[in-house]
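The values are calculated or read from the model by the stated rules, or taken from the named source; none is laboratory data. All values derive from a computational prediction rather than experimental measurement. In this analysis, Cβ positions are derived from the backbone assuming ideal geometry, glycine residues included, and neighbour counts consider all displayed protein chains.
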Amino acid sequence: MTATTTPTLTERYIAAVVRRLPEKSRADVATELRASLADDIEARTAAGLAPEAAEREALVALGDPDRLAAGYAGTPLHLIGPALYLDWRRLLTVLLSIVLPVTAGGLVLARALAGDDPGEIVLGTAGTLVSVAIGLTFWVTTVFAIIERTGAGDRPLVAWRPESLPPGDGKPQVGVDVLVGGVLGLVLLVALLAAQTAWPVFRDDDGAPVPFLHPDLWSFWVPYFVVVLAAELVFSIVLYQRRRWSLGLAVANIVITLASAVPLIALIVSDSVVNPAFSARLADSEGLVTLGQQGSVVAAIAIGAVALWECVDGVIKAGRAARGA
């Protein structure tokens with residue numbers, strides 16, 4: 001460095017760079033920067049600039065010392081890089097499209113059963129949904145940022161495959177609604193199990209809740225339906241990832257649909273779903289025994305019709321996918 005160069009800004013700049021580097025590399029980087037800046041300042045001075053102006057322009061040319069330090073250390077200056085961005089966006093979109101509607105439905109149901117007025121239901125649900133959306137976005141982003149900085153963020157988490165391409169009309173055969181349906185059944189069952197105790201419609205003479213579901217269901221059928229609905233959720237996730245139906249998926253859809261619909265219809269027809277004590281309370285308070293029996297028949301028919309359509313619809317879509325339609 002020439003005798004006329006004022007080193008104050010240079011040394012301050014070098015110190016700002018090396019303080020963000022590992023101890024073992026600081027001396028080498030400082031030596032390299034000092035030599036590079038000396039050459040640049042000397043060249044600018046020879047071109048006619050005053051030493052102070054030459055030094056300042058040389059530092060401006062190098063830019064923010066934190067950015068330069070990140071380049072030496074190989075530290076990314078982004079929260080989520082381009083390799084993981086699409087994975088982050090897709091996962092967050094799917095989670096928000098599932099969690100928010102399900103949460104809203106559960107909150108509205110719970111608040112309605114608790115006797116809240118419509119205004120309280122709307123405001124309370126809206127506030128909770130905002131909190132859930134912020135929290136979900138924060139944690140998903142945090143996880144991806146950790147992945148980015150642990151060296152695993154140089155490639156996508158899910159490899160793209162040609163099979164993921166949408167059909168010729170530009171619309172995928174399977175949309176996010178299939179995930180919503182897969183989650184909804186499991187959430188509704190869990191909500192029903194919780195609501196019949198937390199917000200009972202009737203209470204006995206001692207004030208204990210009168211559950212809606214028959215007590216005998218807990219010995220086998222409640223765990224059974226939880227497992228079946230969990231299997232349906234896994235099926236929905238696989239179907240959404242592949243974005244198109246296949247013969248194997250159509251067969252799996254038939255098996256899962258029948259595994260849930262057939263026992264449920266049998267239980268409804270045999271009056272084994274509703275707790276007799278609940279039915280008695282309903283009859284005493286509203287006189288709806290006949291309506292309840294008719295409702296069971298209607299429910300059994302409706303469940304059978306929906307199950308049949310789901311099986312047929314899966315086969316039809318698998319056939320269309322096989323033909324490339």
Q.
Name the single residue that is surrounded by the most Cβ atoms within 10 Å (Cβ to Cβ) among those in region 19-76 being within 18 Å of Leu9 (Cα to Cα) and of a type in the set (Ser, Thr, Tyr).
A. Thr45
**Q.** Residues (over 15 Å from the mean Cα position of the chain (by Cα) and in contact (Cβ under 8 Å) with a residue 40 or more places away in the chain) located in region 125-143
**A.** none
**Q.** Considering residues of region 137-155 that are of a type in the set (S, T, N, Q) and modelled with pLDDT of 85 or more only, the residue farthest from Leu95 (Cα to Cα)
**A.** Thr142
Q) Does Val158 count as over 30 Å from Asp39 (Cα atoms), modelled with pLDDT under 80, in contact with a Phe, Trp or Tyr (Cβ under 8 Å, 6 or more places away or on another chain) and not in a helix (DSSP H, G or I)? A) no
**Q.** Counted residues, region 245-274 - those being more than 32 Å from the chain's Cα centre (by Cα) and among the hydrophobic types (A, V, I, L, M, F, W, C)
**A.** 7
**Q.** So Leu68, is it in the same structural domain as Ala145 (by TED's automatic domain parsing), in contact (Cβ under 8 Å) with a residue 24 or more places away in the chain and not in a loop (DSSP other than H, G, I, E, B)
**A.** no
Q.
Looking at region 114-144 only, could you name the residues that are surrounded by fewer than 15 Cβ atoms within 10 Å (Cβ to Cβ) and among the aliphatic types (A, V, I, L, M)?
A. Ala114, Val122, Leu123, Ala126, Val130, Ile134, Val143
